[in-house]
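What follows is one structure encoded as structure tokens, with my remarks underneath.
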Amino acid sequence: MRLVHSGKVRELYLDESRDPAQLLLVASDRLSIYDVVLPTPVPDKGAILTALSLYWFERTGDLVPNHVIGTDDIPAGFAGRAVRCRPLEMLPVECIARGYLTGLGLKEYQRTGAVSGVTLPAGLVEGSKLPEPIFTPTTKAPVGEHDEFMTFDDVVAQLGADTATRLRDLTLEVYRRGAESAAEGGIIVADTKLEFGRDTSGEIVLGDEVLTPDSSRFWPADSYEPGRVQFSFDKQYVRDWSAGLDWDRTAPGPEVPDEVVKVVHDRYAEVYRRITGTAWTSPTA
């Protein structure tokens with residue numbers, strides 16, 4: 001196994017013993033906020049992200065092909081946290097679907113009345129449900145740098161009209177499928193980020209992770225109320241905790257207290273249970 005890429009949360013290894021060569025995508029327990037990796041890991045985080053992604057890859061496979069080969073013959077040190085994948089040429093756009101207004105999307109709306117060039121109705125507030133989900137792509141910044149909003153026309157200019165349209169349509173289709181399914185467990189999917197690449201035939205393929213607490217905002221439907229910050233089953237809790245620190249959101253990130261780590265673990269495990277209908281069991285238990 002040869003390490004070929006290390007991201008904020010995941011590592012990518014190339015297994016050249018296979019023909020054709022395969023990639024091993026390993027999810028760590030690292031936690032990142034505002035594109036900064038924090039020094040404190042969250043136990044089981046990588047395993048929960050992997051299990052949820054596999055759950056969603058299976059349930060969106062009829063919408064878009066994905067990079068998953070399987071989970072057989074995983075090295076012991078990566079057990080429960082790794083997936084064998086086919087290599088992709090990743091596209092340089094973070095594909096985000098928003099069904100609700102919050103986070104940086106809300107700030108952009110308050111500043112311009114639009115998000116990624118999509119004009120929205122006046123009078124929306126924190127947590128407002130949008131008239132329909134919107135595609136709000138961003139740049140894909142290197143580790144330590146921040147993604148920036150792009151318009152659909154920016155994506156067209158970079159990748160061409162056909163590819164831009166395909167990315168927008170697939171992003172919204174996957175979001176709608178995920179939101180409808182998660183609603184059965186009482187979860188609102190406020191927004192989600194997807195990444196796509198091309199396989200050797202040039203086909204657009206869904207990669208990385210899908211509808212996890214790292215890539216999405218999950219809210220409990222029974223306490224949803226627009227006009228205030230929502231309870232969140234994702235890493236928004238850590239963002240909120242960090243807001244009270246004297247930290248400028250650049251590296252190095254702050255150490256995370258044990259009590260905050262426990263809350264993050266428990267919320268990730270709970271959203272896994274609500275979405276899949278199965279209680280989380282640690283692979284190291």
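The values are calculated or read from the model by the stated rules, or taken from the named source; none is laboratory data. Treat the numbers as computed from the prediction; the structure is a model and nothing was measured. Please note: Cβ atoms are built from the backbone with ideal geometry, for glycine as well, and neighbour counts cover all protein chains shown. Remember, those area values only see protein heavy atoms, side chains included, never the ligands or the DNA or RNA. Shrake-Rupley method; radii C 1.70, N 1.55, O 1.52, S 1.80 Å.
For region 1-75, state which chymotrypsin sites (Phe, Trp or Tyr not before Pro) are in a DSSP loop and have at most 13 other beta carbons lying within 10 Å of their beta carbon.
none
Take the residue pairs LYS107/LYS262; LYS8/LYS107; LYS45/LYS107; LYS45/LYS262; LYS140/LYS262 and return only those whose Cα atoms are more than 18 Å apart.
Beyond 18 Å: LYS107/LYS262; LYS8/LYS107; LYS45/LYS107; LYS140/LYS262.
Build a GNM of the chain with springs between Cα atoms under 10 Å: which of ALA221, ALA182, ALA76 gets the top mean-square fluctuation?
ALA76
Hey, any idea what % of the chain's accessible area is carbon plus sulfur with a 1.4 Å probe?
Summing carbon and sulfur atoms, their accessible area is 50 percent of the total for the chain.
Between ASP162 and THR139, what length in nm is gained on full extension when 0.36 nm per residue of separation is reduced by their alpha carbon distance? Walk me through the numbers before you get to the answer.
Details: separation 23, 0.36 × 23 = 8.28 nm, distance 1.85 nm.
Result for the pair: 6.4 nm of gain on full extension.
Please label the shape of region 112-203 as rounded, prolate or oblate, based on the square roots a ≥ b ≥ c of the eigenvalues of the alpha-carbon gyration tensor (a/c under 1.5 means rounded; beyond that, a/b larger than b/c means prolate, else oblate).
Taking the square roots of the gyration eigenvalues as a ≥ b ≥ c, region 112-203 is oblate.
For a quick check, take a GNM of the chain with Cα springs below 10 Å and name the residue from LEU104, LEU211, LEU120 with the largest mean-square fluctuation.
Among LEU104, LEU211, LEU120, the largest mean-square fluctuation in the Gaussian network model of the chain belongs to LEU104.
Please report, in Å, the Rg and the Dmax of region 9-157, where both are computed over Cα atoms only.
18.2, 58
Could you calculate the contour length gain from ARG273 to VAL4, that is, 0.36 nm times the residue separation minus the distance between their Cα atoms, to one decimal place in nm?
Once the chain is fully extended between ARG273 and VAL4, it gains 93.5 nm.
Given the rule -39500 (n - 2.57) for each run of at least 4 DSSP H residues, summed and divided by the residues of the chain, what is its mean residue ellipticity at 222 nm, to the nearest 500 deg cm²/dmol?
After summing the helix terms and dividing by the residues of the chain, the value is -9500 deg cm²/dmol.
At most 16 other C-beta atoms within 10 Å and a DSSP loop state: those are the exposed GluC sites (Glu not before Pro) I care about. Give me the longest piece of the chain that has none.
Here the longest segment lacking exposed loop sites spans 17-125.
From the Cα gyration tensor of region 139-272, with a ≥ b ≥ c the square roots of its eigenvalues, which class applies: rounded if a/c is under 1.5, or else prolate if a/b is larger than b/c, or else oblate? Could you put the intermediate results ahead of the total?
Numbers: a/c = 2.08, a/b = 1.39, b/c = 1.49.
Oblate shape, in that a/c is at least 1.5 and b/c is the bigger or equal ratio.
With charges only on Cβ, +1 for K and R and -1 for D and E, what is the dipole size of the chain about its Cα centre, in debye, rounded to 20?
In debye, rounded to 20, the chain gives about 280.
Restricting the calculation to Cα positions, tell me the Rg (one decimal) and the Dmax (whole number) of the chain in Å.
Rg then Dmax for the chain, in Å: 18.3, 58.
Using alpha-carbon pairs under 8 Å, 6+ residues apart, how would you state the relative contact order of region 132-212 in percent?
Averaging sequence separation for qualifying contacts and normalising by length gives 17 percent for region 132-212.
Most fluctuating residue of THR138, THR212, THR112 in a GNM of the chain with Cα springs under 10 Å: which is it?
Looking only at THR138, THR212, THR112, the largest GNM fluctuation is found for THR112.
Cα gyration tensor of region 1-96, axes a ≥ b ≥ c as square roots of the eigenvalues: rounded (a/c below 1.5), prolate (a/b > b/c) or oblate?
Cα axes put region 1-96 in the rounded bin.
With no solvent and one point per C-alpha, what does the Debye sum give as log10 I(q)/I(0) for region 41-80 at q = 0.15 Å⁻¹?
For region 41-80 at q = 0.15 Å⁻¹, log10 I(q)/I(0) is -0.43.
Figure the gain on full extension for THR250 and THR112 (residue separation times 0.36 nm, minus the Cα-Cα span) and round it to one decimal in nm.
47.1 nm
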